[in-house]
Each structure stands twice: as structure tokens, then as C-alpha cells.
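The values are calculated or read from the model by the stated rules, or taken from the named source; none is laboratory data. Because the structure is predicted, anything quoted here is derived from the model rather than measured. Every residue, glycine among them, receives a Cβ derived from its backbone with ideal geometry; neighbour counts consider all protein chains shown. In case anyone asks, the SASA skips ligands and DNA or RNA and just uses the protein heavy atoms, side chains included. Shrake-Rupley method; radii C 1.70, N 1.55, O 1.52, S 1.80 Å.
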Amino acid sequence: MAKQNELAWWQRTIAYEVYPKSFLDTRGQGTGTIAGITAKLDYLQKLGVGAVWITPCYRSPMVDNGYDVADYYQIDPSFGTMDDMDELIARGREHGIRMVMDLVFNHTSEECAWFVESRSSRDNAKADWYIWRDAREDGSAPTNWRSIFGGSAWEWDEGRQQYYLHTFAKQQPDLNWENPEVRQALFDIANYWADKGVGGFRIDAITYIKKPAEFVDGPADGADGMSAVHAATANTPGILDFLHEFKAKVRDGRDIFMVGEANGVSADELDQWVGEQGVFDLLFEFSHTLIPMHPSEVWCRKAEWTLPDLKRALAASQVATATNGWYPAFFENHDQPRSTVNYFQCAGPLAEKAKVLGAVLLTTRGTPFLMQGEELGYGNAPWKSIDEFDDLSTRNQYQFALSEGLDEDGALAACVRYSRDNARTPMQWDASANAGFSSAEPWLPVHDDYATCNVVAQEADPSSVLNWYRKLAALRAERPVFTVGDWTALLVDDEQIMAFERTLDDSRAVTLVNFSDEPAVYDASLVEGLEQLACSQGTSTAGVLRPFEAVIWG
Ligand code: NOJ
């Protein structure tokens, strides 16, 4: 078993996702800035954060809020300048915090100079940098694949008289990784940022970079006669060869980490993706985020799940990375609804639910990845109309729900429950106008609970979610058992309690949390001989958990 001092810096730390558009606006424009992140480094440091994953802030038309990159070597003017970014990287290091850049390498924006050139003719120097195909004889798209954001995954280009493939929105054309020049251009970008001193990379949508040799129709899986592009292209054999090259040309020899976003890779495939033989240091694997959702990922369909299902999904990744690779623990990111809503099936105070999830994240084995605002225990926002949403996938899910026969209220309810915009509302810093996020009207509505749910208010309240997170972050930093210790699931079939044990040499710690609104009983001998290190509701009695109580023994 590795000792604390044998772990890399990114294994010992806490990572924090900043959605820069919603973090802090230092320019009075209604959208956040890079300087806004620099201004909050003290706040992040107090939370024990050592790595900040910044979602894309490169020049972009912002069709998908930066996941449509026009120029990977420039900062979008709405966020500031390259000088602001250099300043953030430098000031961050003074705070012991390293920046993690988001590399969107499956696709670019249609405004990227590469695509502009590629679409200009069939014989230009970049003609083959994207996935171009002729129409079928009747003029229709080459296959019946449906893009992840809805509609055909093919878009007709008048100039080339060909279709191009887009796994996501039509403004996000997919790159052709088969072309070695494309791969080298992407590795050059990564090296440019690594040379600037960032601490690592989060690699977007990585499972889609390799396309199958033959493009064929998939079985229709919806009333539109289409077939999800994911089924046809995710995790195509040969993908790991590209990624080994990526690792060799970017990662090897550097003190950084790479975390892949790998929708479509399951826990039992992790050994090929992470660790010594793998291609990444960590992998976001999504089986647990899919539990509170219908398996089709259609928001208006009903999800049926129990706590043991969630525990099994979490444990599978945890166990798969026990001796090889490392586990990124997360409940939230900018593509998920708020976890206080997502992972509970009963009513109860959000703050107590947030403490339950925080206890799991900060005491489990792996690097916790927090989404901005998660440490304050946000709920979903009280959206009143579909027009308030910005996210293109939310609008698509709304239309899909109507096409499935739901009325407008039903379709809206599905979006309120699952929309990605729930995670993207502005950060709530204080009780002043716009929650202290901006002096101008924010690009997305601020949650209407901001007068009480904000950083200043929670700093002053010893029983707040923020102070619970700070307390557990300190505990994690002090006690090696929480970073290096082995992890074993306890009470796996219990319908109310999630529990696990950490062990290192003679130390042992046990985390027990109650996901339900009823008291939950367990065998007190599980915690015999241990002290109570933290309890979310005062002091806990061994053998019983109050509703939504979280307790850590050690
Ligand atoms: C995954 C990102 O997390 C998501 O926000 C984005 O829309 C897609 N990839 C496309 O880049």
C-alpha cells in the first residue's frame, strides 16, 4: 500500500470545478471572468483545493458555452486576456493551487480556422481534418445517427456538397483523429498549456474520437427513426492507440495529471484506461450518474432506482481503481443537476443532504472533484419557464418530451429536474444584488435562495454546509487513512445507509451516512473502539443514524 508521501500532489488534494461564466464577474458584464477566479483563490485555498478545473475559456462563439472552441491559443474576450490567465496560473501556484485546462479535442467550433479551411473545398490542406462523407443517392445523410444534442449527427455543407459529422451540436464538427497532422496539432495545444505551468488536463468527450471503419445505420431507437450516435461510435476499438500517443507526447515526464471524460467506458474496462498500463491518471466514469435517470437518458421518462444500486455503481469504479490508477470521486459537474436533488428520493433539508454527500466525497478513496456551489449545498433552481434556460440540450429534451406526449408543464418539470443549467447558475457569494456575482444582470438567473444560501452567510454559521466541507477537508489533510487507506464497502444491501471503511496500518475510519428521512439502525460493533471525528448533526449515537445524518468515526 502506498504511503501518503508516495502519492502524487493531485492524489492528495481536492479538485474544484469552476464554470467561469458563472463564478465571479469582475467587469460588470453579467458573465464571469478569469480575474474573478484569481480574486477567489483565498476562498479556494481555505477549502483545501489544490487543483482548479476550468471549463473551456478559449475563444468561442459559445454555442455550447465554450465546448465549441474557435482558437485554443486565445482566451475568449468575454473572460479576459491571456495575461489574466498567466496571472491566474502564477497566483494560483502561490496559493498551492494549480489550474487544470479543459481540452475539447473530439470537435472544434465551426468557426475554428481549421474547419473554415476544411469546408472551403475538397482539396485544401485541411480537407481531411474533419469527418466528411458524400450524401446517399437520394441526397440524405450517410447514416441515421442522432447527435447527442438531438437531430441528425450529419450536417450538409453547400460549399463542399458533402455532409460532416457532429457528435454534439451542428456547430461542433468532429475532428478526424485518423489524420496524424490533426493529432499533432492537438498535442501541440496541450503542450503549449502544459508549458505554461498548468497542473493538468480534463479531456472532453474522449470516447468519441475514434470512429468505426465502416459507417452503417444503427437500429432505430426512437420515433424519429434514428439511432444514437453514441451506440455507433463510442469507445471504438483502436481508440487506446491514439491515447497512448497522446500520453507519450504530452503527459510523460511532466508533473501533471490527465483526467478523461469517458462516457461509454464501464468500470470493468478501467484497467486499460488508467494507471501504469493505461492512458490517463483518472477517468470520469458515469455509471453512478446514470442511476437516478432512465437508462435511455431521456429526462421525461421515469427512473426506478434504490440506494443499493447507487452504492454498487460507486463501488465498481472504486474497486476497479484500488490497485491500478486512481479514482475521481464526484457527484456533480456542469452537466448534472444538483446532487442534493439528484441522489435523494425523499423530501428533506438540502443542507443536511449536502452534508451526507460531502461526507462521502471527502472521506472516500480518491481525489474529490467538487462543482462550484456544491460546497454550499445548492438545490436545483426554481425555473418557471423553458425560456429561462440557456442550455441547448435542455431545449432539446423539452422538445423531445413534448414529442413523447407530455404537456408543457410535464416537459418543463423534466427539465427543472435534470437540466444542466441547474449546475450553471451564478455562484452565490453574498446577499447583495445578484448574489455578489455581478453588478449587471447575470446571464442565467441567480437562484432565489441566495439571500440565505451564500458564502458570507455560511462562513458565519458554524453548522453550515460550507463549514462542514472545510472541516472534512481539514480532517482529510490531517489523517493519511483518508487519502492512502484501503477502501471497503460496508452494509452494501442497506436501503438507507451508505457506509464504508478506510484502513491504513493500525488506523481505521468508518463513514456512515443516512440517505433517508427515517432513522436508520446499524450494528454498533462496526464503530466499536473508534472515536467520533465528525457528525453533521451534533453528536451521533453508535448504532443509529438520524434522518440525513452523516458521521465519521476513526
Ligand atoms: C462534455 C461536456 O462536459 C459538455 O458540457 C459538452 O456539452 C460536451 N462534452 C460537448 O463538448
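How far apart, in nanometres, would the label points at residue 346 and residue 406 be if each is projected 7 angstrom from Cα along the Cα-to-Cβ direction?
Label-label distance for residue 346 and residue 406, simple model: 2.6 nm.
Tell me, what % of the accessible area of the chain is carbon and sulfur with a 1.4 angstrom probe?
Carbon and sulfur together cover 49 percent of it.
For q values of 0.06, 0.08, 0.09 Å⁻¹, compute log₁₀ I(q)/I(0) with the Debye formula on a Cα-only model of the chain, without solvent.
-0.29, -0.52, -0.67
Given H placed 1.01 Å from N in the peptide plane, which residues other than close sequence neighbours of residue 132 have an amide H under 5 Å from its amide H?
none
Roughly how many debye, to the nearest 20, is the charge dipole of segment 150-252 about its Cα centre, given +1 on each Lys and Arg Cβ, -1 on each Asp and Glu Cβ, and no other charges?
With only Lys, Arg, Asp and Glu charged at Cβ, the dipole is about 440 debye.
Along the Cα-to-C-beta direction of residue 526, a point sits 7 Å from the Cα; which residues of segment 468-495 have their amide N less than 20 Å from that point?
481-483, 485-495
Can you spot the lysines whose alpha carbon is less than 29 Å from residue 355's alpha carbon? Ignore those fewer than 8 places along the same chain.
Counting by Cα, and skipping residues close in sequence, residue 355 has these lysines nearby: 3, 21, 40, 46, 302, 311, 384, 471.
How far is helix 408-418 tilted, in degrees, relative to the longest principal axis of the Cα atoms in the chain, given as a value from 0 to 90 rounded to the nearest 10?
Helix 408-418 sits at roughly 70 degrees to that axis.
Which residue, 536, 485, 497, has the largest displacement toward the positive end of the dipole of segment 485-553 when charges sit on each Cβ (Lys, Arg +1; Asp, Glu -1)?
With unit charges placed on the Cβ atoms, the residue in question is 536.
Of 135, 250, 112, whose Cα points farthest to the positive end of the dipole of segment 103-258 (charges on the beta-carbon: +1 Lys, Arg; -1 Asp, Glu; origin at the Cα centre)?
My answer, from the dipole projection, is 250.
I'd like to check one number: the per residue accessible area of segment 485-553, probe 1.4 Å, reported in Å² as a whole number.
Solvent-accessible surface per residue comes out at 43 Å².
Using θ = phi - 60° and the Karplus form 6.51 cos²θ - 1.76 cosθ + 1.60, what ³J(HN,Hα) does each residue of segment 533-541 get, whole Hz, x for Gly and Pro?
Running phi through 6.51 cos²θ - 1.76 cosθ + 1.60 with θ = phi - 60° gives 8, 7, 9, 6, 10, x, 10, 9, 9 Hz.
Please calculate how many Å² of accessible area segment 92-143 carries per residue, with a 1.4 Å probe and no DNA, RNA or ligand atoms counted.
Result: 44 Å² of accessible area for each residue.
For residue 364, list long-range residues whose amide hydrogen, built 1.01 Å from N in the peptide plane, is under 5 Å from its own amide hydrogen.
none
How high is the FRET efficiency between residue 542 and residue 506 when r is their beta carbon distance and R₀ equals 30 Å, given to the nearest 0.05?
With R0 = 30 Å, the Cβ-Cβ based efficiency is 0.90.
Rounding to the nearest 10 and keeping the result within 0 to 90°, find how far the Cα-based axis of helix 350-363 lies from the longest principal axis of the chain.
So the helix axis and the longest Cα principal axis differ by about 90 degrees.
Taking the dipole about the Cα centre of segment 6-65, with the C-beta of Lys and Arg at +1 and of Asp and Glu at -1, give me whichever of 65, 28, 52 is farthest to the positive side.
Value computed over the given set: 28.
Would you mind pulling out the separation of the Cα centroids of segment 159-196 and segment 475-554, in Å?
46
Round to the nearest 10 and give me the degree value, 0 to 90, for the angle of helix 180-195's Cα axis relative to the longest principal axis of the chain.
Between the helix axis and the principal axis of the chain, the angle is about 40 degrees.
Tell me the relative contact order for segment 1-63 as a rounded percent, counting alpha carbon contacts under 8 Å between residues six or more apart.
Result for segment 1-63 is 38 percent.
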